[in-house]
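Chemist: Got a structure for you, questions after.
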Amino acid sequence: IEDGLPFLNFESSEAMLPNGTLLFSALSGFIYFDPLDVPKDNLAPILRFGDFRLSNQVFNPGDTIDGRVLLDKSIDDKKEIRLKYNENMFSVEAISLHYKNALNHELKYRLLPIQEDWVAVSSSSNLIQYSGLPPNDYFLEVIVANRDNQWSEVRRLNIIIDPHSLLM
């Protein structure tokens, strides 16, 4: 039903007609279609950043920590976020937006310079988490693809973890 099928419970009867049309029976009737007529999903999903969490606490624009505003606007609208040395346990929610079933999408991410290889997960596992990172300039890169392997543009968020003030 989520993928356009009229019902979910199919019987064990199926057939391919001489013209290539596939026929499937179900408890509620039958369906048939020519697999060559199934359109490709050529639109790549749109990638947005949702919640930003610090030590598993969601921070919204205007929320403060130790007397300072952590986010002056939505994490989706930011190119950079600056954290203190002890704020190195964070997560970013990656949201795949598409008019079709987003649960079939794939998500890839990496944190440069410490992760050169992409980590691939289902878009239902969309909370990207890191902890224990040393002070450095990091670049979180995220992409999503639909079920037909159409990839979004890479979203990049610069995450700066400052060293302790005694070390500066």
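Chemist: Kindly establish whether S131 is within 13 Å of S91 (Cα to Cα) and in contact (Cβ under 8 Å) with a residue 40 or more places away in the chain.
Modeler: yes
Chemist: Okay, moving on. Taking L22 as the residue in question, decide whether it is open to solvent by less than 70 Å² (accessible area, probe 1.4 Å), modelled with pLDDT of 85 or more and either out of contact with any Lys or Arg (no Cβ under 7 Å at 6 or more places or on another chain) or not small (G, A, S) (or both).
Modeler: no
Chemist: Inspect the stretch 64-83 for any residue being in contact with an Asp or Glu (Cβ under 9 Å, 6 or more places away or on another chain) and under 28 Å from L43 (Cβ atoms) and give the result as yes or no.
Modeler: Checking the stretch 64-83: at least one residue is in contact with an Asp or Glu (Cβ under 9 Å, 6 or more places away or on another chain) and under 28 Å from L43 (Cβ atoms).
Chemist: Does N86 fit the bill of being modelled with pLDDT under 95, closer than 15 Å to S152 by Cα, of a type in the set (S, T, N, Q) and in a loop (DSSP other than H, G, I, E, B)?
Modeler: Taking the combined requirement at face value, the residue does not satisfy it.
Chemist: Quick check on the stretch 89-136: of everything there that is buried (at least 16 other Cβ atoms within 10 Å of the Cβ) and of a type in the set (V, I, T), which residue is modelled with the lowest pLDDT?
Modeler: The residue in question is I95.
Chemist: I need the full set of residues from the stretch 143-165 which are farther than 18 Å from D117 by Cα and open to solvent by 20 Å² or more (accessible area, probe 1.4 Å), in order please.
Modeler: Matches in the stretch 143-165: R147, D148, N149, Q150, D162, P163, H164, S165.
The values are calculated or read from the model by the stated rules, or taken from the named source; none is laboratory data. Because the structure is a prediction, the values reported are computed rather than measured. Ideal geometry is used to build each Cβ from the backbone, glycine not excepted, and the neighbour counts take in all protein chains shown. These accessible areas exclude ligands, DNA and RNA; they are computed on the full protein's heavy atoms, side chains included. Shrake-Rupley method; radii C 1.70, N 1.55, O 1.52, S 1.80 Å.
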